[in-house]
Structure formats: structure tokens, C-alpha cells
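A short worksheet on the structure shown next.
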Amino acid sequence: VQLQASGGGLVQAGGSLRLSCAASGRTFSRYTIGWFRQAPGKEREFVAAVNWRGASTTYADSVKGRSTISRDNDKNTVYLQMNSLKPEDTAVYYCAAAYGVNSDYVNAYEYDYWGQGTQVTVSS
């Protein structure tokens with residue numbers, strides 16, 4: 001599975017962005033897809049994940065209630081809608097794929113494939 005993240009940009013605090021993760025490969029629907037982020041000087045942290053059918057999702061407390069992860073298996077794409085953005089959301093966002101049926105894969109080591117990252121910058 002090859003992943004490509006897009007949709008990042010510069011936005012003011014309180015604004016919204018929708019990130020996309022486009023995947024190639026015929027077995028995309030067999031993978032849980034997660035989003036992680038890494039800010040300068042910080043470790044990569046889990047943001048959200050959606051299971052293979054899109055029926056189950058998991059969110060980090062830091063984004064819960066402000067973000068929605070979804071997937072369209074016909075388009076081989078996963079989306080992360082982020083609302084009410086805060087300056088502390090500034091980071092490079094990565095999507096990743098984990099072979100399995102659950103959505104509670106919150107650790108980076110559980111993921112097999114990674115995209116290249118897209119920069120999100122939230123100004124105050």
C-alpha cells in the first residue's frame with residue numbers, strides 16, 4: 001500500500017481543514033488507516049484512526065470533538081476533517097496503514113505503511 005497525504009496549509013485559529021490520504025493498492029479496504037502528527041521537537045503522536053469498513057473510529061483526546069475521520073473505499077481515500085483548529089495543532093500530519101480490522105491502533109509501531117506527510121500551520 002502506498003499512501004499520499006494532502007490538504008494541509010496555513011489557517012487561522014478557529015478555522016478548518018480537511019486532510020486526505022489517497023492510497024494505491026487493491027487491498028486498501030483491508031487496512032485500518034490512522035493519522036499521526038509531529039510538531040518540531042516533539043515525538044510523533046496519534047491523532048485518529050478508522051477501521052477497514054469505516055464503522056469504528058478512535059480519536060486522541062486532544063482532537064476529540066473537533067475532528068472527524070472517515071473513509072471512502074471506492075475512492076481508496078481517508079479523510080480527516082479538523083475544525084476549531086488551535087495553534088497547538090500545528091504539525092506535519094502523516095497517514096499510515098495497519099493491516100487489521102480494529103480502529104484502536106494508536107501506536108506508530110502498529111502501522112506498516114506511511115505517507116510522506118502534509119504540513120498544517122495554525123496561526124493565532
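The values are calculated or read from the model by the stated rules, or taken from the named source; none is laboratory data. Since the model is a prediction, treat every value here as computed from it, not as a measurement. Cβ placement follows ideal geometry from the backbone for every residue including glycine, while neighbour counts extend to all protein chains displayed. Calculation scope for accessible area: heavy atoms of the full protein, side chains included, ligands and nucleic acids excluded. Shrake-Rupley method; radii C 1.70, N 1.55, O 1.52, S 1.80 Å.
When you check THR32 against the structure, is it open to solvent by less than 40 Å² (accessible area, probe 1.4 Å) and not hydrophobic (A, V, I, L, M, F, W, C), yes or no? Taking the combined requirement at face value, the residue satisfies it.
Close Cβ contacts (under 6 Å, 6 or more residues apart or on different chains) running from residues in the range 68-79 that are part of a loop (DSSP other than H, G, I, E, B) to residues that are surrounded by 16 or more Cβ atoms within 10 Å (Cβ to Cβ) comprise ASN76/ALA23; ASN76/PHE28.
The set of residues from the range 42-76 being open to solvent by 40 Å² or more (accessible area, probe 1.4 Å) and among the charged types (D, E, K, R) comprises LYS42, GLU43, ARG44, GLU45, ARG53, ASP61, LYS64, ASP72, ASP74, LYS75. Filter the range 61-91 for residues that are acidic (Asp, Glu) and over 20 Å from GLN38 (Cβ atoms) and give the result. The answer is ASP72, ASP74.
The residue list ALA49, ALA39, ALA13, ALA5 contains one member that is touching a residue at least 12 places away in the same chain (Cβ under 8 Å), within 19 Å of GLY117 (Cβ to Cβ) and more than 11 Å from the chain's Cα centre (by Cα), which is ALA39. Among the residues of the range 22-35, at least one is modelled with pLDDT under 95, assigned to a strand (DSSP E or B), in contact with a strand residue (DSSP E or B) (Cβ under 9 Å, 6 or more places away or on another chain) and aromatic (Phe, Trp, Tyr). Inspect all residues belonging to the range 57-64 and state whether any of them is at pLDDT below 95, among the charged types (D, E, K, R), more than 14 Å from VAL92 (Cα to Cα) and not in a strand (DSSP E or B). No, because not a single residue in the range 57-64 is at pLDDT below 95, among the charged types (D, E, K, R), more than 14 Å from VAL92 (Cα to Cα) and not in a strand (DSSP E or B). Specify the residue that is most open to solvent (accessible area, probe 1.4 Å); the eligible residues are those in the range 77-110 that are more than 15 Å from THR58 (Cα to Cα) and within 14 Å of the chain's Cα centre (by Cα). Step by step, filter the range 77-110, then rank; the result is ASN83. For the range 85-103, the criterion of being touching a Gly at 6+ places or on another chain (Cβ under 6 Å) and in a loop (DSSP other than H, G, I, E, B) is satisfied by at least one residue.
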